[in-house]
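Working notes, beginning with the structure itself.
The values are calculated or read from the model by the stated rules, or taken from the named source; none is laboratory data. Treat the numbers as computed from the prediction; the structure is a model and nothing was measured. Note that each Cβ is placed from the backbone with ideal geometry, even for glycine, and that neighbours are counted across all protein chains shown.
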Amino acid sequence: MITFIVNKRRLKYKGPPFKRLLDVLREDFELTGTKEGCGEGECGACSVLMDGQLVNACLIPAGQAEGKTIETVESLAKHKTLAPVQKAFLDHGGSQCGMCTPGMLLSAVAYKRRKGKNSAAAIRKHLAGNLCRCTGYQPIIDSVRAWLKKS
Amino acid sequence: MKTSSKRCVGASVARVDAFEKLTGAARYVDDLTRPGLLHAVTLRSSVAHARLKGLIFDPAFPWHECVIVQAQDIPGKNGVPFLQDDQPFLAQDFIRHPQEPVALIAHPDRAAAYEALKHVSIDCEALPPVFDARDSKTCFKEIRLEKGDCARAFSESAFVVEGDYSLPHQEHAYIETQGALAYWEDDALCVTGSLQCPYYVLKALKAAIALPEHSLRVIQAATGGGFGGKEDYPNIIFGHAALLAYKAKRPVKLVYDRLEDMAATTKRHPAFIRLKTGLDREGRLLAQEAELLLDGGAYSTLSPVVLSRAVVHATGPYHCPNVRVRGRAAATNTPPNGAFRGFGAPQALFAVELHWEAIARKTGLDAVELRRKNALRPGSSTTTGQELKESVGALAVLDAALKKSRYARTRAQFTRHNGNPKSKTLKGVGLSLTHHGAGFTGGGELHLDSRAAVSLSADGTIRVLAGSTEIGQGSKTALTQICAQALGVPFHWICVENPDTSKVPDSGPTVASRTTMVVGGLVRQAALELKERLADFPGALASLKSLKAAARTLCIDGGPLRLEARYAPPEGFVWNETTYRGDAYAAYGFAATIVELEIDKATAETRVLKLTTAHEFGRAVNPLLAEGQIAGGALQGLGYALLEHAVFAKGSMLNGQLTNYMIPAATDAPPMEIVIVDSPTPHGPFGAKGLGELPMNGPAPAVAAAVHHATGRIFRALPIRPEDILPHLSNP
């Protein structure tokens, strides 16, 4: 049995230890906000935070998450109120089709926690592991910059 | 409630679908499940062309656990009903491309379904395949367009410039792969999933399953991008899920992984284009001749209409008295190519726009001034002989982009930089002027006969009813704004019904930059009819309380009051499908795009430094969302120009992964400067024209022009990769 904390809840998982963390979250715990885009760690749609580190959940076997603290997109909003990072994406058009959005948001959160600079070039570099096919990234960069400026 | 926020069209209101997407609550097809769900997989041919003799099932495998559908199990017709119905749902007698579906297998356990695939083999007899469209003997469609007398005009030209251009496949790479979930509910077979065109799918299901329309229902799930890739392929994948659910009498989910999606679904048509242009001594166009060949793949699907748009756009946004265009779409033994943002126009416009570089070189005239001299303006006659009366922003976008980017200064600066032997890079700046016709080409809109409705329920809810799909482009928000503006009520009073064929009318497919202009026009019309019905209730549109009171009176029998509008072509518009003469589109949008880039002299790596683009599309319903469309389309255009290279061998894509088919990442995207130029059209709601595809047309030729400026060489094929440039950089 594998035990971990997901979005502040202690969860127990009894399935195969090599099942992808992505599938465990989506299928065993119905946390479908984490998306699969490529299944090989290239697109970042399945980005989650594991002990604060940004990881691709499609590359993490469940066993590796033993004892870890996981944060997914579902942890951001509180009681129907968007978190400031989500509000910034709303105001600046940072989400279009929405498939890269959960990963982008968590990537932005990771950037802020490690006190990343509020410069477009630095943000671009940080987000390079999260692919978006809709926005041309410009509205996403604008969203992250506005959020960092405000907070 | 106050109605202070009446000014709705033109405001950058936040998207109505954002909350679910930002919180992870939006349900895409792979997020859905049902009790007793079966997981489906597809057995594909792997050979490019063959006579199909049968399937050989490994007798040791527990097949009783699986549900299997082959061609002979299809209760209806085994042909996807489209422009032609040559594409089967499942191969029967013949295999025509290496990804052709041959059988479907469903199992309660997904891994077991994949395992089953290893225990079937295909018995077939190979036939000679064709992989190059230039070798093909099968033509899906040929179009000829003639205006004036080209032969005479060429003989009178001071300059005649010829050139060959070639364009590759391009993969949509929407982040959500294609998928469908079929299930039974209330004696109806329902299919939900990722798609652009619910009524196309409904037609496909009617053909395949042979059930009456009221026993079939197509429902859109949240859709993670389309770009044209989810226009016709969902007919197949929804059809497959439905066929399995019909046979199994259980819910079935069929979702492709990335590799299968890239290998099996459609791509942008590769194109071979030959241009010949005649000009007088001052650089005025006298004659334009274009020969286009599109690689259609194995079945006709959308190739005839992609060709039609390519032909109409093949001479660019210019006025020329003598034109001859010949276009063909040919069959090859590769998966069918289909719709991709731009729909033939990006291919045609790459050739026309880059051709100016060759013309400038030969004539010694300036490429920007040549465009200015020949650009369409009010009163101009297009290639098809359509007289443009108003809202022709070609010169306005050209000037706006030149000014915003300080083009002349940058060009001189880069030329100086390149002349310095100590520079480690070569820099270039290039421009393109492009247009895009909004809506279906020619008589297409009339043929669609689209309908959209606005309803008022007894509880006071105002609903927009249309089959148009939100796929990330923001249509749900734009239609809300248009409806609110027409009624003069606050934005949040309006809700848009989710596309479900049992609830919404057929407003036509969500393609061809038509949703805002055409469907938005219908929504505005229906809303105005509702407003008229409410005229007898003073103040009904001033407060929600009085609206509810009016609604209770108007909604007799408790059912909603529903006002429907039906498409009618603009007055006086005519189109001749045989001669390709007439009014090809109700309106054209225009864009001028300027790309600045640098090329590393040692590695030939290209880095785009900046993209500036000015767009005229009538009027922006929502400037923030419009800018998002422009930036996104522009980056797809840059990917097309520099990065995206689908490698094909024996009819199959070899690099069907995001690891080796590279789409631009944030570090590949340049800062962008976007200018929106207003020029309202009378043919769209509140002056709006279509926008979706226009941003895709300009970046690739602007990149090639910038590479020409940097290296002195015109690269006439895409993508332009370091390995293409490197041999042409002279070593110091």
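For A:ARG133, state whether it is assigned to a loop (DSSP other than H, G, I, E, B), within 7 Å of another protein chain (Cβ to nearest Cβ) and of a type in the set (D, E, K, R).
So A:ARG133 passes the test.
I need every pair where a residue in segment B:411-431 that is closer than 16 Å to B:ASP366 by Cβ has its Cβ under 8 Å from the Cβ of a residue that is in a loop (DSSP other than H, G, I, E, B), sequence separation at least 6 or different chains.
Short answer, once both residue conditions are applied: none.
Can you tell me which of B:VAL489, B:VAL518 is more than 14 Å from every other protein chain (Cβ to nearest Cβ), of a type in the set (A, V, I, L, M, F, W, C), closer than 26 Å to B:ALA345 by Cβ and crowded, with 24+ Cβ neighbours inside 10 Å?
Among B:VAL489, B:VAL518, only B:VAL518 is more than 14 Å from every other protein chain (Cβ to nearest Cβ), of a type in the set (A, V, I, L, M, F, W, C), closer than 26 Å to B:ALA345 by Cβ and crowded, with 24+ Cβ neighbours inside 10 Å.
When you go through (1) in contact (Cβ under 8 Å) with a residue 40 or more places away in the chain; (2) under 30 Å from B:GLN178 (Cβ atoms); (3) touching a strand residue (DSSP E or B) at 6+ places or on another chain (Cβ under 8 Å) one by one for A:LEU59, which number turns out not to apply?
(1)
Could you say whether any residue in segment B:264-277 is modelled with pLDDT of 95 or more and closer than 29 Å to B:GLY24 by Cβ?
yes
Of the residues B:HIS39, B:HIS49, B:HIS119, which single one is closer than 21 Å to B:SER303 by Cβ and not basic (Lys, Arg)? Reasoning before the result, please.
Numbers: B:HIS39 fails: closer than 21 Å to B:SER303 by Cβ; B:HIS119 fails: closer than 21 Å to B:SER303 by Cβ.
So the residue among B:HIS39, B:HIS49, B:HIS119 that is closer than 21 Å to B:SER303 by Cβ and not basic (Lys, Arg) is B:HIS49.
Would you mind stating whether B:ARG566 is closer than 28 Å to B:CYS483 by Cα, surrounded by fewer than 20 Cβ atoms within 10 Å (Cβ to Cβ), at pLDDT 95 or above and not polar (S, T, N, Q)?
yes
Take B:GLU185 and tell me if it is surrounded by 21 or more Cβ atoms within 10 Å (Cβ to Cβ) and at pLDDT 95 or above.
no
Do any strands (runs of 3 or more DSSP E) entirely within segment B:140-204 hold 1 or more residues that are closer than 23 Å to A:MET99 by Cα, in contact (Cβ under 8 Å) with a residue 12 or more places away in the chain and under 24 Å from the mean Cα position of the chain (by Cα), and if so, which?
Counting at least 1 such residues, we get B:179-185, B:188-193.
Among the residues of segment B:103-124, are any part of a loop (DSSP other than H, G, I, E, B) and free of Cβ contacts under 8 Å to residues at least 60 places away in the same chain?
There is at least one residue in segment B:103-124 that is part of a loop (DSSP other than H, G, I, E, B) and free of Cβ contacts under 8 Å to residues at least 60 places away in the same chain.
With B:PHE82, B:PHE94, B:PHE57 as the choices, which residue is under 28 Å from B:LEU448 (Cβ atoms) and among the aromatic types (Phe, Trp, Tyr)?
B:PHE82
Pull out all pairs, ordered by first then second residue, where Cβ-Cβ is under 6 Å, the residues are six or more apart or on different chains, the first lies in segment B:213-228 and is at positive phi, and the second is small (Gly, Ala, Ser).
That search, which allows pairs on different chains as well, returns B:GLY225/B:GLY472; B:GLY228/B:ALA339.
Can you tell me which residues in segment B:594-653 are within 12 Å of chain A (Cβ to nearest Cβ), in contact with a Phe, Trp or Tyr (Cβ under 8 Å, 6 or more places away or on another chain) and not in a helix (DSSP H, G or I)?
Result: B:GLU644, single match.
Which of the residues belonging to segment A:136-151 are over 14 Å from B:ILE175 (Cβ atoms) and either among the hydrophobic types (A, V, I, L, M, F, W, C) or in a helix (DSSP H, G or I) (or both)?
Residues satisfying the conditions are A:GLN138, A:PRO139, A:ILE141, A:ASP142, A:SER143, A:VAL144, A:ARG145, A:ALA146, A:TRP147, A:LEU148, A:LYS149, A:LYS150.
Are any of the residues in segment B:691-708 over 27 Å from B:LYS403 (Cα atoms) and part of a loop (DSSP other than H, G, I, E, B)?
no
So A:HIS79 ticks every box in (1) over 20 Å from B:ALA222 (Cα atoms); (2) at pLDDT 95 or above but one. Which box is left unticked?
Every listed condition holds for A:HIS79 apart from (2).
Examine segment B:392-407 for a residue that is in a loop (DSSP other than H, G, I, E, B), farther than 25 Å from B:GLU146 by Cβ and not aromatic (Phe, Trp, Tyr), and state whether such a residue exists.
yes
In segment B:618-674, which residues are at positive phi and either of a type outside the set (D, E, K, R) or buried (at least 22 other Cβ atoms within 10 Å of the Cβ) (or both)?
Within segment B:618-674, the subset at positive phi is B:618, B:650-651.
Of everything in segment B:618-674, those that are at positive phi and either of a type outside the set (D, E, K, R) or buried (at least 22 other Cβ atoms within 10 Å of the Cβ) (or both) turn out to be B:GLY618, B:GLY651.
What do you reckon, is B:LEU32 surrounded by 15 or more Cβ atoms within 10 Å (Cβ to Cβ), in contact with a Phe, Trp or Tyr (Cβ under 8 Å, 6 or more places away or on another chain) and within 14 Å of chain A (Cβ to nearest Cβ)? Spell out the reasoning first.
Working: surrounded by 15 or more Cβ atoms within 10 Å (Cβ to Cβ): yes; in contact with a Phe, Trp or Tyr (Cβ under 8 Å, 6 or more places away or on another chain): no; within 14 Å of chain A (Cβ to nearest Cβ): yes.
Considered against the rule, which asks whether it is surrounded by 15 or more Cβ atoms within 10 Å (Cβ to Cβ), in contact with a Phe, Trp or Tyr (Cβ under 8 Å, 6 or more places away or on another chain) and within 14 Å of chain A (Cβ to nearest Cβ), B:LEU32 comes out as no.
Give just the number: which of (1) free of Cβ contacts under 8 Å to residues at least 60 places away in the same chain; (2) in contact with a helix residue (DSSP H, G or I) (Cβ under 9 Å, 6 or more places away or on another chain); (3) not small (Gly, Ala, Ser) does B:THR659 not satisfy?
Every condition holds for B:THR659 apart from (2).
If I ask for residues that are over 19 Å from B:TRP356 (Cα atoms), part of a loop (DSSP other than H, G, I, E, B) and among the charged types (D, E, K, R), which ones from segment B:709-732 would you list?
B:ARG721
Please enumerate the residues belonging to segment A:77-129 that are at the interface with chain B (Cβ under 7 Å from one of its Cβ atoms), under 15 Å from A:GLY33 (Cβ atoms) and surrounded by fewer than 24 Cβ atoms within 10 Å (Cβ to Cβ).
A:ALA77, A:LEU82
Among what's in segment B:38-57 and is farther than 22 Å from B:LYS247 by Cα and at pLDDT 95 or above, pick the residue that is surrounded by the most Cβ atoms within 10 Å (Cβ to Cβ).
Checking each candidate, the answer is B:ALA48.
Being of a type in the set (Lys, Arg) and within 19 Å of B:GLY327 (Cβ to Cβ) is the filter; apply it to segment B:128-174 and report the residue that is surrounded by the fewest Cβ atoms within 10 Å (Cβ to Cβ). Spell out the reasoning first.
The first filter runs over segment B:128-174 and keeps only residues of a type in the set (Lys, Arg), leaving B:134, B:137, B:141, B:144, B:147, B:152.
After this cut, where a residue has to be within 19 Å of B:GLY327 (Cβ to Cβ) as well, the list is B:134, B:137, B:141, B:144, B:147.
Details: B:ARG134: 10, B:LYS137: 7, B:LYS141: 20, B:ARG144: 13, B:LYS147: 22.
The qualifying residue surrounded by the fewest Cβ atoms within 10 Å (Cβ to Cβ) is B:LYS137.
Kindly indicate the residue of segment A:136-151 that is under 15 Å from B:LEU22 (Cβ atoms) and within 9 Å of another protein chain (Cβ to nearest Cβ) and also nearest to the chain's Cα centre (by Cα) among those meeting that condition.
So, considering only residues that are under 15 Å from B:LEU22 (Cβ atoms) and within 9 Å of another protein chain (Cβ to nearest Cβ), the one nearest to the chain's Cα centre (by Cα) is A:ILE140.
Can you give me the number of residues within segment B:434-468 that are polar (S, T, N, Q) and either surrounded by 24 or more Cβ atoms within 10 Å (Cβ to Cβ) or closer than 30 Å to B:ARG372 by Cα (or both)?
4
Looking only at segment A:21-53, count how many residues are within 22 Å of B:MET662 (Cα to Cα) and either more than 8 Å from chain B (Cβ to nearest Cβ) or modelled with pLDDT under 95 (or both).
Qualifying residue count for the region: 4.
Somewhere in segment A:40-52, is a residue over 21 Å from B:VAL255 (Cβ atoms) and exposed (fewer than 15 other Cβ atoms within 10 Å of the Cβ)?
Yes, that holds for at least one residue.
Show the residue pairs meeting these rules: Cβ distance below 6 Å; 6+ apart or different chains; first residue within segment B:305-316 and on the phi > 0 side of the Ramachandran plot; second residue assigned to a helix (DSSP H, G or I).
From segment B:305-316, the pairs are B:GLY316/B:VAL352.
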